[in-house]
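Here's the structure we're looking at; comments come further down.
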Amino acid sequence: MRSLYLRPPVAGRRARIRVPGDKSISHRAFLFAALASGRTHILGPNHGLDVLATVRALRALGVNVRRMQLGFSVLGSGFCDPRRVIDCGNSGTTMRLLAGALAGRVD
């Protein structure tokens, strides 16, 4: 049997990175921002239907996501229990990433 060691989170980091606004990176940027503590600005993300499905799903989970002139502002604080079914539209990436993030959730 393998052992699993969970390391406590390290102190917060302040950083600014610039990556292309492709669909795959945009999904993950929103998810990581939702899981982080504090505010994250995502500038120049992909605005396709799949990425917007991720934004809607995160909002359904209580994440504060606001559209700004050049992108989005996400106030990360984890997830709340949804009040309704989370509709991922036709975005398999949204469903897969959220399933993984929510599977590790401890109440």
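The values are calculated or read from the model by the stated rules, or taken from the named source; none is laboratory data. None of these values were measured; they are calculated from a predicted model. Note: ideal-geometry Cβ built from the backbone for every residue, glycine included; neighbour counts use all protein chains shown.
Table for the structure above
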{"quantity": "Residue within the stretch 84-93 that is within 19 Å of Arg14 (Cβ to Cβ) and crowded, with 20+ Cβ neighbours inside 10 Å present", "calculated": "no"}
{"quantity": "Enumeration of residues in the stretch 46-93 that are part of a loop (DSSP other than H, G, I, E, B) and closer than 17 Å to Lys23 by Cβ", "calculated": "Asn46, His47, Gly48, Cys88, Gly89, Asn90, Ser91"}
{"quantity": "Every pair of residues 6+ apart whose Cβ atoms lie under 9 Å, when the first sits in the stretch 23-49 and is touching a residue at least 60 places away in the same chain (Cβ under 8 Å) while the second is surrounded by 13 or more Cβ atoms within 10 Å (Cβ to Cβ) and of a type in the set (Asp, Glu)", "calculated": "Lys23/Asp50; His27/Asp50"}
{"quantity": "So Phe79, is it aromatic (Phe, Trp, Tyr), modelled with pLDDT under 95 and at negative phi", "calculated": "yes"}
{"quantity": "Some residue of the stretch 65-78 being aromatic (Phe, Trp, Tyr) and exposed (fewer than 15 other Cβ atoms within 10 Å of the Cβ)", "calculated": "no"}
{"quantity": "Unique residue being of a type in the set (S, T, N, Q) and assigned to a loop (DSSP other than H, G, I, E, B) when the list is Ser3, Ser24", "calculated": "Ser3"}
{"quantity": "Qualifying residues in the stretch 73-107 (those that are polar (S, T, N, Q) and farther than 13 Å from Phe30 by Cβ) - the one nearest to the chain's Cα centre (by Cα)", "calculated": "Ser77"}
